[in-house]
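K.L.:
The following block contains the structure, expressed as structure tokens.
What follows draws every value from the coordinates through simple rules; no lab data is involved. Because the structure is a prediction, the values reported are computed rather than measured. Note that we place each Cβ from the backbone using ideal geometry, even for glycine, and neighbour counts take in every protein chain shown.
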Amino acid sequence: MDKKLLMWDETIFKDPDLFELDHVPEYFAHRDSQMQTLMYCVKPALRGTKPINVQCIGPPGTGKTTGVHKLFEEIENVTSKVIPVYINCQSNATRYTVFSQIYKKLFKHSPPSSGVSFHKVNEKITQYLADEEIILVVALDDVNYLFHEGEHDNVFYSLLRAHETNPGARIGVISILSDTGTGFHLDPKVESVFLPEVIKFPRYNTDEILDILDNRVKMGFFPDVVSAGVVEKVVEYADLLGDLRVGIDLLKRSGLNAERQANRTISVEDVNGAYESSKLIHLTYLLKSLKKEEKTLLELISNLEEITAGELYKAFREKTGLAYTRYYETLEKLLVLKLVDTNFTGKGTRGRSRIIKLRYGAEEIQKRLS
Ligand SMILES: Nc1ncnc2c1ncn2[C@@H]1O[C@H](COP(=O)(O)OP(=O)(O)OP(=O)(O)O)[C@@H](O)[C@H]1O
Ligand SMILES: [Mg+2]
């Protein structure tokens, strides 16, 4: 038997879990200042007072979800008087489902599925908090989904004014927004109670990506499976899209590619071969972070191979009723996110016109928009 070949029951992965995207890594580096601010905001809760509300904001794959999971682990290790509740708003996009999740965390079972009003659920929660002197820290992750459903003001208002339902009920809110621009607006009435400390999660630079992925490689693969050159290639791709997730996914897929050929080491070709698929992970999360009108515009572009900027504006206005400035801003955002590309044609009756083109397959985009 050739020792260079992997036996069917052998693997190059020492710890395959490290390459799953929902894994909370032990090594969480380059987020010290964000973690410090998070802890500072929650600290009042450890003394029995209301925590400071937080708004975490930053592009996909910058450690927002991971950072909050780390914080919550820490809270659960030190006290049972502060209960952290993590809510994924993509699957819980209404006030009722958000509060059902809180209820479930506190009482270890869901509220009865029919005939119970939101007010009953809310009352039971706030009563429990007041009686037991427990402080809640609620993380609303991917809060953009509440905006899509028009439920954001409702949810924030109910959480932030819990003490009005029941004096003694204290709830802090950590809102997590995947965003590459600025947009995040609550009703001014809600905003005036929310008053969050804003924590920015910027993109990782090349050195940081290298450091994080290098650690993943050391912990996740057996020695000598991944050479420095292969790590470099993975970092290059992750950096190209500015998304750490692509790097982690590339490591997993190229590892599987190597195993499929019974190789004991990963080659640069394995990485290249995995890139087309890993790139789509980036697309999935990127589309998740878009606002409604950005999704609409992208959908319009994806219906056609290419379209001139002028025709596109007409279609956008017809569909949304929005004016030119908003169209222009929205298109610019899609350009910045590298979702679309623009070119000038040689023709056009009144000079050259701008052509808009997709940078991903139309089908891949449409699948993820629906
Ligand atoms: N500083 C870090 N150290 C190690 N791993 C990290 C770090 N930051 C992020 N990761 C890893 O990158 C992946 C994406 O991170 P995370 O889910 O926290 O991103 P996010 O900011 O919540 O993105 P999104 O806005 O798309 O939800 C995860 O698999 C996580 O383990
Ligand atoms: Mg996240």
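K.L.:
Report the relative contact order of the chain, percent, no decimals, based on alpha-carbon pairs under 8 angstrom and at least 6 residues apart. Show your work: numbers first, answer last.
P.N.:
Working: 541 pairs, mean separation 70.9, N = 370.
Reported relative contact order: 19 percent.
K.L.:
Stokes-Einstein D for segment 204-288 at 37 °C, 0.692 mPa s, Kirkwood Rh over Cα pairs, in µm²/s?
P.N.:
So the translational diffusion coefficient is about 260 µm²/s.
K.L.:
Take segment 32-200, compute every pairwise Cα distance, and split them into 10 Å bins from 0; I just need the percent in each bin.
P.N.:
Distribution as computed: 10, 42, 38, 10, 0 percent.
K.L.:
With +1 assigned to the C-beta of every Lys and Arg and -1 to the C-beta of every Asp and Glu, and no other charges, what is the dipole magnitude of segment 42-118 about the Cα centre in debye, to the nearest 20?
P.N.:
200 debye
K.L.:
Then there's this: Using a 10 angstrom Cβ neighbour count of at most 12 plus a DSSP loop assignment to flag exposed GluC sites (Glu not before Pro), which longest range of the chain is free of such sites?
P.N.:
134-304
K.L.:
Let me ask you something else. Between the DSSP loop rule and a limit of at most 14 other Cβ atoms within 10 Å, which trypsin sites (Lys or Arg not before Pro) in segment 115-220 are left? Working shown, then result.
P.N.:
On the way: sites: Lys120, Lys124, Arg161, Arg170, Lys189, Lys200, Arg203, Arg216, Lys218; in loops: Arg161, Arg203.
Listed in order of number, the matching sites are Arg161.
K.L.:
Now a separate question. With a cut-off of at most 12 other beta carbons within 10 Å, and DSSP calling the residue loop, which trypsin sites (Lys or Arg not before Pro) in segment 1-75 qualify? Please list them.
P.N.:
Hits after loop and neighbour filter: Lys3, Lys4, Arg47.
K.L.:
Still on this structure, I have one more. Magnitude of the Cβ-charge dipole of the chain, K/R +1 and D/E -1, about the Cα centre, nearest 20 debye?
P.N.:
Dipole about the Cα centre, nearest 20: 980 debye.
K.L.:
So which trypsin sites (Lys or Arg not before Pro) in segment 277-370 pass both tests, a DSSP loop state and at most 10 other Cβ atoms within 10 Å of the Cβ?
P.N.:
Lys347, Arg350
K.L.:
Take every Cα-Cα pair in the chain and report what % of them are more than 30 Å apart.
P.N.:
Distances greater than 30 Å cover 50 percent of the Cα pairs.
K.L.:
Magnitude of the Cβ-charge dipole of segment 32-200, K/R +1 and D/E -1, about the Cα centre, nearest 20 debye?
P.N.:
Numbers: 16 positive and 18 negative charges, 69 e Å.
Computed charge dipole of segment 32-200: roughly 340 debye.
K.L.:
So if I take the centroid of the Cα atoms in segment 1-64 and the same for segment 171-230, what is the distance between those two points in Å?
P.N.:
Segment 1-64 and segment 171-230 have Cα centres spaced 9 Å from each other.
K.L.:
In addition: Return the whole-Å distance between the Cα centroid of segment 242-309 and the Cα centroid of segment 74-150.
P.N.:
34 Å
K.L.:
Let me ask something else about it. Cross-link partners among aspartates and glutamates for Lys291, C-alpha distance below 16 Å, same-chain residues fewer than 8 apart left out?
P.N.:
Asp141, Asp142, Glu149, Glu151, Asp179, Glu299, Glu329, Glu332
K.L.:
So for the chain, taking the charge dipole from beta-carbon charges (+1 Lys/Arg, -1 Asp/Glu), which of Gly220, Ser80, Met7 sits furthest toward the positive end?
P.N.:
So the residue we want is Ser80.
K.L.:
Lysines within cross-link reach of Lys292: Cα-Cα under 17 Å, excluding same-chain residues under 8 positions apart?
P.N.:
Lys319, Lys333, Lys367
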